[in-house]
1. How many of the residues in the stretch 194-237 are over 18 Å from the mean Cα position of the chain (by Cα), more than 10 Å from the ligand (Cβ to nearest atom) and loosely packed, with under 11 Cβ neighbours inside 10 Å?
2. Which of (1) surrounded by fewer than 16 Cβ atoms within 10 Å (Cβ to Cβ); (2) under 14 Å from residue 177 (Cα atoms); (3) within 17 Å of the chain's Cα centre (by Cα) is the odd one out, the single condition residue 84 does not satisfy?
3. Quick one: which of 139, 173, 158 is farther than 22 Å from residue 40 by Cβ, within 15 Å of the ligand (Cβ to nearest atom) and in contact with a helix residue (DSSP H, G or I) (Cβ under 6 Å, 6 or more places away or on another chain)?
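Where a number appears in this text, it was derived from the coordinates with a stated rule and is not lab data. What you are looking at is a predicted structure, and each value in this text was computed from that prediction instead of being measured. Positions of Cβ are generated from backbone atoms using ideal geometry, with glycine treated the same way; all protein chains shown enter the neighbour counts.
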Ligand code: HEM
């Protein structure tokens, strides 16, 4: 228990300046007071690594919110026939997912034993319940439906589209969708690596899902139909 006490935070160096900063125009526009008050307080945490754990999860939710915002706009643009603009916006969504995949790595610096100390704080909470993740997954079929409607309206098959190359706006949009899907797969792979490193190969999640099942999800595709058509193009030469 003594070790646990040592692992409690030793106080925040930003605290002294906090009230002056809270009054600035920057703080008022960015709402930093509310934002920085969303983490568990020193006296609440079971282990100091809860700060890191919450920081990664909370910032992930912000980036996923942004990714969903861009994806929803892309649906609207595709429905309006603005395919190049939609492809551009999807690049942003991909970069949001890229960012959350990269930041997962910092959790590899958390000791498995320390995670065991903070884990009770989660209760039954799991990333499976992430609203940002759910939103992203719900938007994928809407994106595909909007894309398919535009492709069919132009009378272009998937095979023809993949043969047409980057002079075709449909092709460029399809590639942007595949990029987004690939970034999600990269996040899943990185997340699996962190899960294995933290709770072990035989670990069980807070929602009862074995880590091995997460491995099975690596094969999941948001836009399976597009991947198959692209592969069929490769098989034809
Ligand atoms: C030490 C770090 C982590 C561990 C050990 C871990 C572990 C797990 C486990 C075991 C699952 C399976 C579901 C369950 O039973 O809970 C899961 C799912 C999930 N976790 Fe994590 N996780 C970690 C970090 C994160 C972070 C930082 C996020 C970001 C929000 C996250 C988001 C998710 C999501 C979205 C799922 C569903 C995955 C899918 O549908 O492919 N996890 N996690």
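1. 5
2. With (1) surrounded by fewer than 16 Cβ atoms within 10 Å (Cβ to Cβ); (2) under 14 Å from residue 177 (Cα atoms); (3) within 17 Å of the chain's Cα centre (by Cα) applied to residue 84, the lone miss is (3).
3. None of the other options fit; the residue is 139.
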